[in-house]
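**Student:** Next up is a structure, given as structure tokens.
The values are calculated or read from the model by the stated rules, or taken from the named source; none is laboratory data. Because the structure is a prediction, the values reported are computed rather than measured. Note that each Cβ is placed from the backbone with ideal geometry, even for glycine, and that neighbours are counted across all protein chains shown.
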């Protein structure tokens with residue numbers, strides 16, 4: 001049934017389908033009895049799924065990656081799909097339109113997506129208003145970035161603004177310096193500016209009555225030398241963990257025609273094509289750091305086997321995004337059942 005619905009939805013513009021589908025889910029869940037039914041269909045509750053990490057308790061290790069619920073509009077509804085945690089954003093201090101449309105493209109032959117959204121969001125104040133309507137007790141993360149027009153020299157102030165405003169409303173933070181769709185953003189992954197940014201946030205964090213975990217989301221396109229720098233930075237600034245990895249700018253090994261890829265143009269590629277590289281990054285970080293910090297693995301998880309591969313490589317938790325779009329909420333149930341069966 002899901003494949004039939006997906007085939008129909010995939011006939012239309014991906015960005016419009018995303019929002020219309022979420023609105024349909026909201027309407028469905030408003031029908032008496034549907035929340036209980038969805039919970040029965042998709043939510044797996046088992047002691048073997050519980051995870052304690054960063055001082056937080058996760059109902060299960062499968063989360064929703066940032067980018068799906070940019071404005072914290074749908075997290076209460078998504079909680080009925082079986083997630084163990086949900087990450088909202090990327091949020092910027094001031095709302096922005098993002099890049100011109102069309103900016104979201106399916107690669108059906110590759111089970112992938114190319115996006116060049118450009119941190120389109122309504123701004124941190126709008127996200128806060130949505131988070132005030134929270135009804136779920138799932139762990140929520142806040143993914144923060146800088147506005148497009150903010151020069152890199154002033155980027156830290158953008159992250160600080162969103163950090164301060166979101167602080168009362170989320171359980172952990174993710175610093176996003178790895179999206180390929182905001183000009184020059186990835187240069188913030190260089191050792192000096194990244195250390196300054198993270199150190200500033202950690203200093204603010206330490207002044208709170210109770211600090212909250214701060215993680216760094218990195219690109220899969222980093223070299224081993226750059227990954228070594230990440231490991232050093234995480235240790236030096238006492239970061240709580242790393243999310244590996246964001247979308248890739250690589251187009252290697254795609255089944256989709258070269259002509260179609262050229263028509264689409266720039267953007268970050270997610271889904272199955274990034275699966276192997278994201279796993280390599282996870283394994284490298286875990287091995288070279290002697291597993292000295294937690295890792296959330298994301299990238300190309302379309303099956304229970306993909307999820308177990310990420311966990312075996314060194315991930316403590318995992319996140320899905322493109323796999324959720326292609327496979328639906330039953331993917332989460334399959335993953336969680338496979339983790340239980342493993343024992």
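**Student:** Restricting the search to segment 203-220, which residues are within 21 Å of residue 65 (Cα to Cα) and touching a helix residue (DSSP H, G or I) at 6+ places or on another chain (Cβ under 8 Å)?
**Tutor:** 212, 214, 216, 218, 219, 220
**Student:** I've got another one for you. Looking at residue 94, is it surrounded by 19 or more Cβ atoms within 10 Å (Cβ to Cβ) and at pLDDT 95 or above?
**Tutor:** No: the conditions fail for residue 94.
Rundown of residues vs (1) in contact with a strand residue (DSSP E or B) (Cβ under 9 Å, 6 or more places away or on another chain); (2) touching a residue at least 24 places away in the same chain (Cβ under 8 Å); (3) surrounded by 15 or more Cβ atoms within 10 Å (Cβ to Cβ), yes/no style:
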position: 5; (1), (2), (3): no, no, no
position: 16; (1), (2), (3): no, no, no
position: 24; (1), (2), (3): no, no, no
position: 27; (1), (2), (3): no, no, no
position: 30; (1), (2), (3): no, no, no
position: 36; (1), (2), (3): no, no, no
position: 40; (1), (2), (3): no, no, no
position: 43; (1), (2), (3): no, yes, yes
position: 49; (1), (2), (3): yes, yes, yes
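**Student:** Across segment 221-231, which residue is surrounded by the most Cβ atoms within 10 Å (Cβ to Cβ) among those that are in a helix (DSSP H, G or I) and in contact with a helix residue (DSSP H, G or I) (Cβ under 8 Å, 6 or more places away or on another chain)?
**Tutor:** In this case the residue turns out to be 230.
**Student:** Going through 275, 191, 258, 207 one at a time, which residue ends up being farther than 22 Å from residue 92 by Cα and within 19 Å of the chain's Cα centre (by Cα)?
**Tutor:** Every option except 275 fails the conditions.
**Student:** Let me ask you something else. Of 277, 251, which residue is under 29 Å from residue 117 (Cα atoms) and part of a helix (DSSP H, G or I)?
**Tutor:** 277
**Student:** Report the residue count in segment 278-298 for those that are more than 15 Å from residue 216 (Cα to Cα) and within 14 Å of the chain's Cα centre (by Cα).
**Tutor:** Residues meeting the conditions: 0.
**Student:** Which strands (runs of 3 or more DSSP E) does segment 54-107 wholly contain that include 1 or more residues that are within 26 Å of residue 40 (Cβ to Cβ)?
**Tutor:** 56-58, 62-64, 85-91
**Student:** Follow-up question, since we're still on this one. Would you point out which residue out of 212, 165 is in a loop (DSSP other than H, G, I, E, B) and farther than 22 Å from residue 247 by Cβ?
**Tutor:** Just a single option satisfies the conditions, and that option is 212.
For every residue, the table says whether it meets (1) part of a helix (DSSP H, G or I); (2) crowded, with 23+ Cβ neighbours inside 10 Å; (3) touching a residue at least 24 places away in the same chain (Cβ under 8 Å); (4) out of contact with any helix residue (DSSP H, G or I) (no Cβ under 9 Å at 6 or more places or on another chain).
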| site | (1), (2), (3), (4) |
| --- | --- |
| 281 | yes, yes, yes, no |
| 293 | no, no, yes, no |
| 307 | yes, yes, yes, no |
| 326 | yes, no, yes, no |
| 333 | yes, no, yes, no |
| 337 | yes, no, yes, no |
| 340 | yes, no, yes, no |
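**Student:** Right, something else. Spot the failing condition for residue 196; the list is (1) modelled with pLDDT of 95 or more; (2) within 23 Å of residue 284 (Cβ to Cβ), and only one is missed.
**Tutor:** That leaves (2) as the condition not met.
**Student:** Right, something else. Which condition from (1) surrounded by fewer than 16 Cβ atoms within 10 Å (Cβ to Cβ); (2) out of contact with any helix residue (DSSP H, G or I) (no Cβ under 8 Å at 6 or more places or on another chain); (3) not in a helix (DSSP H, G or I) is the one that residue 243 breaks?
**Tutor:** (1)
**Student:** Would you mind finding the one in 248, 182, 195, 200 that is touching a residue at least 24 places away in the same chain (Cβ under 8 Å), over 25 Å from residue 67 (Cβ atoms) and surrounded by 15 or more Cβ atoms within 10 Å (Cβ to Cβ)?
**Tutor:** Just a single option satisfies the conditions, and that option is 195.
**Student:** In segment 1-53, what count of residues is obtained for those that are part of a helix (DSSP H, G or I) and within 21 Å of residue 101 (Cβ to Cβ)?
**Tutor:** Count: 11.
**Student:** I've got another one for you. Looking only at segment 110-123, decide whether some residue is at pLDDT 95 or above, assigned to a helix (DSSP H, G or I) and over 17 Å from the mean Cα position of the chain (by Cα).
**Tutor:** Yes.
**Student:** Here is a further query. Could you tell me how many of the residues in segment 130-156 are without any contact (Cβ under 8 Å) to a residue 60 or more places away in the chain and within 25 Å of residue 103 (Cβ to Cβ)?
**Tutor:** Total meeting the criteria: 12.
**Student:** Also: Got at least one residue in segment 114-129 being free of Cβ contacts under 8 Å to residues at least 60 places away in the same chain, surrounded by fewer than 17 Cβ atoms within 10 Å (Cβ to Cβ) and touching a helix residue (DSSP H, G or I) at 6+ places or on another chain (Cβ under 8 Å)?
**Tutor:** Yes, segment 114-129 contains a residue that is free of Cβ contacts under 8 Å to residues at least 60 places away in the same chain, surrounded by fewer than 17 Cβ atoms within 10 Å (Cβ to Cβ) and touching a helix residue (DSSP H, G or I) at 6+ places or on another chain (Cβ under 8 Å).
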